[in-house]
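Heads up: the structure comes next, in structure tokens.
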Amino acid sequence: MSLTNIGDMSFSLMQQTRSAALKSTMITLTQELTSGQTSDIRGRLAGDYSYLTDIDHNLARLDGYAISATEAALFSSASQQNLERMQEVISAVGQNLLTINPSSIQVVTQQASNEARLGLDTILSALNGSVGGRNLFAGTATDTSPLASANTMITALKAEVAGMTVVSDILTAVDDWFADGGGFKATMYTGSDDPLSPIQVGANEQVSLSLRADDANFRSVMRNTMVAILATDSDLALDPGTQNILLFTAGEGMLNNDHALTGLRADLGYAEQRIEEASARNGAARTSLGFARNELLAADPFETASRLEEVQFQLESLYAVTVRTSRLSLLSFL
């Protein structure tokens, strides 16, 4: 049997190569032991990646749904809060206006009208509300505040009813201004006529958040508030009897608005519920797919630990041989 001698340089290089290979294997096995997943995915799947690809695709899709559902939940929650602010104002102001009667003194009617003026600011602020840099009630023009200022509305309506003294004429002029195609659209509304598209929050699950500031219910709220404001406006100089009738009429209208807003908030609450349920379903599906993926790529901890121990023994043996070899010299041989 012939022996092949290896030179010192070649032997040293061989030892370094073997040491590097053992260290790399040890690092890989350590990662598998700590993560619980195999590093040899191709070997584990026998080259068939179809199931793993499908799982990863579904996980990515669920991640997209999670983002959409989070944004939809934030949008709907902010809308609900703003409608609540508006309804609180309408309820409080409307109740005060309903106390107005033909015998009410000027200071009482003026106070009720002043409350309506403050309420208008709150109403417009709520309809101009935004969240995350997106306006809530502007349709697709989410970068635009949908309504102009309260002073713009007051000035425009004062011009419409100037010189009128009959209650029916004043109410008709205000109604025409807030009607479709009236002055409200041209003067006040600056949002888009296109509603927001439904938001996909799950597989075959969409939620519509399409309320706009020019909605008929919101225009009715502003209409009744403006009637209460115009009633005592000094520039119009209406007699006390006309003022009282207008204020009481506005109060009755606000009572109806209160009921309408309750319906809108109920619809919005249903949308919030659907978003929450879709998020829960998406979370459950993601957890299930995560378990399936982990099971598919799981590394046997006992096998991995045994291999790690074997590699450690081989590396220690290599170090021992290296130490012994480094001590060889002619003096030691002699």
Of 131, 89, which residue is buried (at least 21 other Cβ atoms within 10 Å of the Cβ) and within 26 Å of residue 213 (Cα to Cα)?
89
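Any residue at all in region 207-217 that is of a type outside the set (Gly, Ala, Ser), out of contact with any His (no Cβ under 8 Å at 6 or more places or on another chain) and assigned to a strand (DSSP E or B)?
Taking region 207-217 first, the residues of a type outside the set (Gly, Ala, Ser) are 207, 209, 211-212, 214-215, 217.
Imposing the further condition that a residue be out of contact with any His (no Cβ under 8 Å at 6 or more places or on another chain) reduces the set to 207, 209, 211-212, 214-215, 217.
Okay, now just the ones that are also assigned to a strand (DSSP E or B), so 207.
Yes, because at least one residue in region 207-217 is of a type outside the set (Gly, Ala, Ser), out of contact with any His (no Cβ under 8 Å at 6 or more places or on another chain) and assigned to a strand (DSSP E or B).
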So which pairs qualify, if the first residue must be in region 170-181 and without any contact (Cβ under 8 Å) to a residue 60 or more places away in the chain and closer than 14 Å to residue 215 by Cα, the second must be crowded, with 18+ Cβ neighbours inside 10 Å and of a type in the set (Gly, Ala, Ser), the Cβ gap must be under 9 Å, and the two must be at least 6 apart or on different chains?
178/220
Consider region 184-216. How many of its residues are in contact with a Ser or Thr (Cβ under 7 Å, 6 or more places away or on another chain) and either within 29 Å of residue 65 (Cβ to Cβ) or hydrophobic (A, V, I, L, M, F, W, C) (or both)?
12
Let me confirm something: among 220, 234, 208, which residue is within 37 Å of the chain's Cα centre (by Cα), at pLDDT below 95 and either of a type in the set (Ser, Thr, Tyr) or surrounded by fewer than 16 Cβ atoms within 10 Å (Cβ to Cβ) (or both)?
208
Does residue 255 satisfy the criteria of being of a type in the set (A, V, I, L, M, F, W, C) and farther than 12 Å from residue 170 by Cβ?
yes
With the first residue restricted to region 206-229 and required to be within 19 Å of residue 80 (Cβ to Cβ) and in contact (Cβ under 8 Å) with a residue 60 or more places away in the chain, and the second required to be assigned to a helix (DSSP H, G or I) and polar (S, T, N, Q), Cβ contacts under 6 Å at 6 or more apart or on different chains are 209/76; 221/257
Among the listed residues 194, 233, which satisfies the condition of being charged (D, E, K, R), in contact (Cβ under 8 Å) with a residue 12 or more places away in the chain, under 30 Å from residue 103 (Cβ atoms) and outside any helix (DSSP H, G or I)?
233
Which of (1) within 22 Å of residue 257 (Cβ to Cβ); (2) assigned to a helix (DSSP H, G or I); (3) under 36 Å from the mean Cα position of the chain (by Cα) is the odd one out, the single condition residue 111 does not satisfy?
(3)
Only one of 118, 124, 83 is under 20 Å from residue 145 (Cα atoms), under 18 Å from the mean Cα position of the chain (by Cα), assigned to a helix (DSSP H, G or I) and at pLDDT 95 or above, namely 83
Filter result (in a helix (DSSP H, G or I) and in contact with a helix residue (DSSP H, G or I) (Cβ under 8 Å, 6 or more places away or on another chain)) within region 236-251:
240, 242, 243, 244, 245, 246, 247, 248, 249, 250, 251
Taking region 237-274 as the region of interest, how many residues are farther than 29 Å from residue 164 by Cβ and of a type in the set (Asp, Glu)?
2
So is residue 122 among the polar types (S, T, N, Q), surrounded by 15 or more Cβ atoms within 10 Å (Cβ to Cβ) and either out of contact with any Asp or Glu (no Cβ under 7 Å at 6 or more places or on another chain) or more than 16 Å from residue 268 (Cβ to Cβ) (or both) or not?
yes
Residues being within 20 Å of residue 233 (Cα to Cα) and outside any helix (DSSP H, G or I) - total across region 138-183
6
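Residue by residue through region 136-149, note down the ones that are surrounded by fewer than 22 Cβ atoms within 10 Å (Cβ to Cβ) and more than 12 Å from residue 194 (Cβ to Cβ).
Across region 136-149, the qualifying residues are 143, 144, 145, 148, 149.
The values are calculated or read from the model by the stated rules, or taken from the named source; none is laboratory data. What you see is a predicted model, and the numbers here were worked out from it, not measured in a lab. All Cβ positions, even for glycine, are placed from backbone atoms using ideal geometry, and neighbour counts span all protein chains on display.
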